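In what follows, a single structure is set out as structure tokens and then discussed.
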Amino acid sequence: MQSTGTGLLTGTFAARVYLGDKPTGGRNGDHVVQSYFPISPEDSSANYSELDFEYMPNGGWGSVGPELDTTSWYRADPPDRVTHALRQHLGGWHIMMVTAMNGKVTYSMDGKELFTSSGKYVPRENMDIHFSNWFIDLPFTGGSRTWDMKVNWFYYKAGEAVSQADVQKTVDGFYSANTDYINTVPKS
């Protein structure tokens with residue numbers, strides 16, 4: 001799932017995401033990446049920006065897993081990024097947040113800060129939001145299998161750092177009002 005032309009730049013990005021530690025059907029062992037990330041519309045952009053949460057329950061890219069990488073990108077090609085790895089199983093529901101404000105990007109999960117980047121590793125242009133469940137390294141274990149990644153909600157507040165408690169209060173308010181969708185993203 002992805003947005004296009006949404007114009008997300010600085011502020012608070014939050015999502016409630018379900019990560020799977022094993023497939024819902026078939027053999028386990030694939031190098032699957034379950035990811036949530038704001039990203040520039042074009043990889044070749046001079047102001048490329050990307051802010052990643054990437055969970056690999058079985059490892060990948062040289063890691064044996066499990067691993068959650070939080071990564072701030074300056075350039076896609078050649079790769080120029082800073083990253084932090086959290087090595088633990090994370091199957092289940094999580095609130096994953098990125099706050100990009102005042103020359104700093106902070107990644108947190110379930111209210112716990114994981115990683116901060118600054119300097120050139122901050123958003124420099126409007127981004128779209130992506131949620132993706134994909135395979136890397138292709139060490140197929142044989143037979144059919146099904147991996148599920150679920151997204152309960154996504155929240156973005158332009159130009160403001162919002163606490164997880166305030167994000168949850170806003171989301172709860174939308175649920176109480178039976179509001180399924182609201183778009184307050186400024187037009188770019």
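The values are calculated or read from the model by the stated rules, or taken from the named source; none is laboratory data. Since we're looking at a predicted model, the values are computed, not measured. Note: ideal-geometry Cβ built from the backbone for every residue, glycine included; neighbour counts use all protein chains shown. Ligands, DNA and RNA are excluded from the accessible area calculation, which covers all protein heavy atoms including side chains. Shrake-Rupley method; radii C 1.70, N 1.55, O 1.52, S 1.80 Å.
Local charge sum around Trp61 (other residues, Cβ-Cβ under 10 Å, Lys/Arg +1, Asp/Glu -1)? Don't skip to the answer; put the middle values down first.
Numbers: positive: none; negative: Glu54, Glu67, Asp69, Asp137.
For residues surrounding Trp61, the net value is -4.
Can you sort Thr116, Thr70 by 1.4 Å-probe accessible area, starting with the largest? Can you show the working numbers first?
On the way: Thr116 55, Thr70 0 Å².
Ranked from most to least accessible, the order is Thr116, Thr70.
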>> What FRET efficiency comes out for Ser44 versus Phe154 if R0 is 30 angstrom and r is the Cβ-Cβ distance? Round to the nearest 0.05.
In response: 0.70
>> Under the rule of at least 5 residues apart or a separate chain, name every residue whose amide H is placed under 5 Å from the amide H of Arg75.
In response: Asp80
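For the chain, what is the accessible area per residue in Å², given a 1.4 Å probe and the full set of protein chains?
Numbers: 9640 Å² over 188 residues.
Spelled out: the 1.4 Å probe surface of the chain, per residue, equals 51 Å².
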> Amide H to amide H, which residues 5 or more places from Asn28 or on other chains are under 5 Å from it, using H placed in the peptide plane?
Replying inline: none
>> Ranking request for peptides 101-111, 163-173, 13-23: highest mean number of other beta-carbon atoms within 10 Å first, then the rest in descending order.
In response: 13-23, 101-111, 163-173
> For Ser118 and Tyr175, what is the calculated FRET efficiency with R₀ set at 41 Å and r taken between the beta-carbons, to the nearest 0.05?
Replying inline: 0.75
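Compare Arg81, Arg87 by solvent-accessible area with a 1.4 Å probe and give them largest first, with all protein chains kept in place. Present the calculation step by step, with values, prior to reporting the outcome.
Details: Arg81 115, Arg87 165 Å².
Ranked list, largest accessible area first: Arg87, Arg81.
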>> Within the range 19-48, name every residue whose backbone N is under 13 Å away from a label modeled 7 Å from Cα of Ser144 along the Cβ vector.
In response: 25-27
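Give the carbon-plus-sulfur fraction of the accessible surface of the chain in %, rounded to a whole number; probe 1.4 Å, heavy atoms of protein chains only.
Working: 4720 of 9640 Å².
In the chain, the share of accessible area belonging to carbon and sulfur is 49 percent.
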> At a Förster distance of 41 Å, what's the computed FRET efficiency of Ile182 paired with Thr24, Cβ-Cβ distance as r, to 0.05?
Replying inline: 0.85
> Short version: ³J(HN,Hα) in whole Hz for each residue of the range 37-50, in order, from phi by Karplus 6.51 cos²θ - 1.76 cosθ + 1.60 (θ = phi - 60°), x for Gly and Pro, what are they?
Replying inline: 6, x, 8, 4, x, 10, 4, 8, 4, 5, 10, 3, 9, 7
> Can you give the extra length, in nm with one decimal, that the chain gains between Trp134 and Asp110 once fully stretched, where that is 0.36 nm per residue apart less the Cα-Cα distance?
Replying inline: 6.3 nm
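Mind checking Rg over Rh on the range 1-95, alpha carbons, Kirkwood formula for Rh?
Rg/Rh for the range 1-95 comes to 0.99.
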> So, how do all the Cα-to-Cα distances of the chain break down into 5 Å bins, in percent, from 0 on up?
Replying inline: 1, 8, 16, 20, 20, 16, 11, 6, 2, 0
